[in-house]
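To keep things clear, I will list the structure first and then write my remarks on it.
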Amino acid sequence: MTDSTLTPPAADMMSFLSTTPEHKDSEYETPVHTSQRTELNVIVEDGPDSKLRLAEISAAANPLLAAARPLLCALAAMPAKLDAALVEPYRNLLVREMHLYQTLCDQANLRREHVLAVRYCLCTALDEAANNTTWGRRGVWAGKSLLVTFHGESEGGIKLFQIIGRLAASFQEHGNVLEVIYHLLGLGFEGRYSVQPDGRKQLDNIRQQLLTQLSQRRDPVMPALSPDFQGR
């Protein structure tokens, strides 16, 4: 799979100059090539490219992870700086990609509960990353987050970990969802633990527990997203 999933149609071509924020845990690599860490052509696909993505999603060991790949890339390459005039177009492109994620998952006949759980977590992580920037903590994004747009609520930083607890009780059944969440944690999501004195330690423990269970479920899961992450 090439990185064509990161390139929008010509009508939507918009480069956002950015410097990818450093994550506190340096063992995690971002799923974007080095050249894309400084200039991000935001992720939206239409037409024939979506058919290719659907085929790859359907063939993937974890279809949810494959479907979420462009949004994971967007999380990894969230712009540290963004002109005020570009914030709303940037958010709108992510909204479109979120809709495309939903459409492709539906076309692949993925379990709806799982699709919605992953969408909830993706919205939560992208909102947190945007809120950690000067351009995202005010204005259009602050006024209407992705989580509010798609799920009508704003408590994702707490509920994402409740989702982990609920799904982990039946890991074999829900492991594909938890694998996506594992990668969100690796890309810097902290949620409610961001304000706790021992939050980093607790997050490390959660991530390690997920990795242990994922490794037992099928072929060992790499402890980091590599630059050539393919969503398989």
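In table form, for the structure just shown:
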{"item": "Trypsin sites (Lys or Arg not before Pro) within segment 100-181, DSSP loop, no more than 14 other Cβ atoms inside 10 Å", "result": "137, 138, 144"}
{"item": "Radius of gyration, Dmax [segment 68-180; alpha carbons; angstrom]", "result": "14.3, 45"}
{"item": "Solvent-free Debye scattering, log10 I(q)/I(0), computed from the Cα coordinates of segment 62-125 at q = 0.25 Å⁻¹", "result": "-1.09"}
{"item": "Packing-based exposure ordering (other Cβ within 10 Å, fewest first) of 183, 151", "result": "151, 183"}
{"item": "Rounded, prolate or oblate (a/c below 1.5 giving rounded, otherwise prolate when a/b exceeds b/c) for segment 128-182 by Cα gyration tensor", "result": "prolate"}
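Bear in mind these aren't lab numbers, they're just calculated from the coordinates by the rules spelled out. Bear in mind the structure is a predicted one, so any value in this text is a computation, not a measurement. Glycine gets a Cβ as well: all are built from the backbone with ideal geometry, and neighbour counts include every protein chain shown.
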